1. For the cross-link pairs 72/179; 152/211; 45/110; 45/68, which exceed 24 Å when the distance is taken from alpha carbon to alpha carbon?
2. Which GluC sites (Glu not before Pro) does the stretch 161-222 hold that lie in a coil by DSSP with at most 14 other beta carbons within 10 Å?
3. Among all stretches of the chain without exposed trypsin sites (Lys or Arg not before Pro) (DSSP loop, at most 13 other Cβ atoms within 10 Å), which one is longest?
4. Cα extents of the stretch 129-222 along the three principal axes, largest first, in whole Å?
5. Given H placed on each backbone N at 1.01 Å, which residues far from residue 64 in sequence or on other chains put an amide H within less than 5 Å of it?
6. How high is the relative contact order of the chain? Use alpha-carbon pairs under 8 Å, at least six apart in sequence, and give a whole percent.
7. Across all directions of projection, what mean area in square nanometres is found for the Cα convex hull of the chain?
Amino acid sequence: MVICPFFNSIILKRRLSLLLLLITSLILIAIIVSEPKNKIPENIKSEVDIALHHFPELEGIPIEFKFKKNIKKSVMQAQPTWSGLLKPKNKRSYKILISEKFKISGEEFKTLDVPRDVLIGWIGHELGHVMDYQERGNLNLIGFGIRYVLLKEFVKKAERAADSFAVSRGMSEYILKTKRFILNHSEIDEVYKNRIKQYYLSPDEIMDMVKEQDSIKDNNLL
């Protein structure tokens, strides 16, 4: 029996299509069941590890730390991934973007050149945002993004919440060093300083939070 070359070609194409579908399925399954991992640049790994240590609730939540040439109005920025918005809270993933440089009096400086504890405090603040995101449903999180862009008062609420999460997780010393580095640095632009004063917890408010936490701990020991 002679099989027409045309039919041979069709059979071959079908087999190749099935093989490609099988390979794609196996890759997708491997991605889905694989252990979620953080992606951390080697040059900030120790600082990120210290900050993450204060947030045990985020263990198993994939967070990618990624350098970016420039971030408007900020040094770092935490955000959910688009794919994460389609998943339940415990399956979400996040990105923390880190500006490679920031300006002081018009002159650019590398973010990696700031004191180590200041960098840890900045990272801790962004992890505070991730904690806030983790408490929100998907629709609420989308609404969060819209309100953050449109409403200044909501920006203040969100930034203070991120600070509060970090302070409540024992990062007060790092957060304070970051604030003081910005507010006490004579050459940092006043516009950026004013933004920190307007939207974030002040050093005095952070100290008050620490005193309140210590008071609660003391009462629990009685």
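What follows is calculated from the coordinates using simple rules that are stated; it is not laboratory data. All figures in this text were calculated on a predicted structure; none of them were measured in a lab. All Cβ positions, even for glycine, are placed from backbone atoms using ideal geometry, and neighbour counts span all protein chains on display.
1. Working: 72/179 19 Å; 152/211 29 Å; 45/110 17 Å; 45/68 16 Å.
Distance filter (> 24 Å) returns 152/211.
2. Passing both the DSSP loop test and the Cβ count: 187.
3. Details: sites that count: 37, 69, 72, 73.
Excluding the exposed sites themselves, the longest stretch runs over 74-222.
4. 46, 41, 17
5. Result for residue 64 returns 39, 94, 95, 96.
6. Computed over the chain, the figure is 16 percent.
7. Result: a mean projected hull area of 19.1 nm².
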